[in-house]
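*Asks:* Have a look at this one before I ask anything.
The values are calculated or read from the model by the stated rules, or taken from the named source; none is laboratory data. It should be emphasised that the depicted structure is a prediction, and the values quoted were computed from it without experimental measurement. When we count neighbours, we look across all protein chains shown, and the Cβ atoms used for this are built from the backbone with ideal geometry, even at glycine. SASA here: full protein model, heavy atoms, side chains in, ligands and nucleic acids out. Shrake-Rupley method; radii C 1.70, N 1.55, O 1.52, S 1.80 Å.
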Amino acid sequence: MKKMILMTALAGAFGYSILPSFGLRHYQSLRRRKNNEGRILYLTFDDGPSEAYTEALLDLLDEYDIKASFFVVAEFAQKNPRIILRAKKEGHLIGIHSVNHQNALFRGNRFAFSDLAASILTLKKLGCDAGYYRPPWGHLNLFILYWVKKMNLKLVFWDVMAQDWAADATPTSIRAKLLRRVYPGAIICLHDGRGAAGAPGRTIEALRDALPQLLREGYEFKRLDQYE
Ligand SMILES: [Zn+2]
């Protein structure tokens, strides 16, 4: 009996959140690879804005006139409105990444609705119409999917990561992973906030080398809303 309850719970969890989370991510990735549109990359940054790092990142992007997409944590955005306004003014796309980075995997309908609605509202107050959403850790559930559709949000996962949040990541390891893993049409997910012991600083250092290198390789950077 216990075993059956466990099996039913596992099957439920699989259908409710695990399959939508991982299945959708892989489906999006495969579709992008199939619709390969040339040497274009989409730089995306999660978990900001952070007082300590985001502006240095914006300076670096500005140096190469690269436009990126930022999936911001609403509470951090509220604390750093100036950074959001600057990013927007400099032509970057602002998307949402939850209110305070809670995992939606096994949360219910009330959480799904309020997390998305409150994130949208926070950004609206900062003058941004957030049309794009990336769930923290890429984890979602059927209620999140329902509200994403209802609120007209575009759900975006990623194709390439470089484990830039890890304590043992170095600018060299992040740079090497990036250069090895990118391919035409890929969405790159990096972080300008949270992460272990100053992680975003290492991400920025890695990009200082990786960006000119990728430009030399003939890549062009676009925002997610320029995806064709
Ligand atoms: Zn995140």
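*Asks:* Please verify whether Asp225 is in contact with a Gly (Cβ under 9 Å, 6 or more places away or on another chain), within 14 Å of the ligand (Cβ to nearest atom) and charged (D, E, K, R), treating the condition exactly as stated.
*Replies:* So Asp225 does not fit the description; no.
*Asks:* Could you count how many residues in the stretch 152-179 are of a type in the set (Asp, Glu) and touching a helix residue (DSSP H, G or I) at 6+ places or on another chain (Cβ under 7 Å)? Outline the logic, then answer.
*Replies:* Residues of the stretch 152-179 that are of a type in the set (Asp, Glu), as a first pass: 159, 164, 168.
Narrowing further to those that are touching a helix residue (DSSP H, G or I) at 6+ places or on another chain (Cβ under 7 Å): 159, 164.
Residues that pass the stated criteria total 2.
*Asks:* Please enumerate the residues belonging to the stretch 134-148 that are open to solvent by 30 Å² or more (accessible area, probe 1.4 Å), out of contact with any Leu (no Cβ under 6 Å at 6 or more places or on another chain) and more than 16 Å from the ligand (Cβ to nearest atom).
*Replies:* Leu142, Phe143, Leu145, Tyr146
*Asks:* Determine, yes or no, whether Tyr132 is closer than 24 Å to Asp62 by Cα and out of contact with any Lys or Arg (no Cβ under 6 Å at 6 or more places or on another chain).
*Replies:* So Tyr132 fails the test.
*Asks:* Which residues, counting only those in the stretch 162-179, are of a type in the set (A, V, I, L, M) and either at pLDDT 95 or above or surrounded by 16 or more Cβ atoms within 10 Å (Cβ to Cβ) (or both)?
*Replies:* Keep residues of the stretch 162-179 that are of a type in the set (A, V, I, L, M), which gives 162, 166-167, 169, 174, 176, 178-179.
Passing the criteria: Ala162, Ala169, Ile174, Ala176, Leu178, Leu179.
*Asks:* Still on this model: I need the full set of residues from the stretch 180-207 which are surrounded by fewer than 14 Cβ atoms within 10 Å (Cβ to Cβ) and either within 15 Å of Leu43 (Cβ to Cβ) or under 16 Å from the mean Cα position of the chain (by Cα) (or both), in order please.
*Replies:* Across the stretch 180-207, the qualifying residues are Arg181, Tyr183.
Yes/no matrix, rows are residues, columns are (1) open to solvent by 20 Å² or more (accessible area, probe 1.4 Å); (2) within 16 Å of the ligand (Cβ to nearest atom); (3) on the phi < 0 side of the Ramachandran plot; (4) under 17 Å from the mean Cα position of the chain (by Cα):
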residue: Leu60; (1), (2), (3), (4): no, no, yes, no
residue: Glu75; (1), (2), (3), (4): yes, yes, yes, yes
residue: Arg86; (1), (2), (3), (4): yes, no, yes, no
residue: Gln102; (1), (2), (3), (4): yes, yes, yes, yes
residue: Lys124; (1), (2), (3), (4): yes, no, yes, no
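*Asks:* Could I ask something else about it? Which of (1) within 30 Å of Ala13 (Cβ to Cβ); (2) hydrophobic (A, V, I, L, M, F, W, C); (3) within 16 Å of the ligand (Cβ to nearest atom); (4) in contact with a Phe, Trp or Tyr (Cβ under 9 Å, 6 or more places away or on another chain) is the odd one out, the single condition Trp165 does not satisfy?
*Replies:* (4)
*Asks:* Taking the stretch 40-88 as the region of interest, how many residues are of a type in the set (Ser, Thr, Tyr) and part of a strand (DSSP E or B)?
*Replies:* Counting residues in the stretch 40-88 that are of a type in the set (Ser, Thr, Tyr) and part of a strand (DSSP E or B) gives 3.
*Asks:* Mind listing whichever residues of the stretch 104-119 are crowded, with 21+ Cβ neighbours inside 10 Å and in contact (Cβ under 8 Å) with a residue 40 or more places away in the chain?
*Replies:* Within the stretch 104-119, Ala104, Ser119 meet the criteria.
Matching residues to (1) small (Gly, Ala, Ser); (2) within 16 Å of the ligand (Cβ to nearest atom):
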residue	(1), (2)
Lys154	no, no
Val160	no, yes
Thr172	no, no
Arg175	no, no
Arg180	no, no
Asp192	no, yes
Ala196	yes, yes
Arg202	no, no
Leu207	no, no
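*Asks:* A further question follows. Could you figure out which of (1) at negative phi; (2) away from the ligand (no atom under 16 Å from the Cβ) isn't true of Gly38?
*Replies:* (1)
*Asks:* Given Ala68, Ala87, which one is within 20 Å of Lys125 (Cβ to Cβ) and modelled with pLDDT of 95 or more?
*Replies:* Within the list Ala68, Ala87, the selection yields Ala87.
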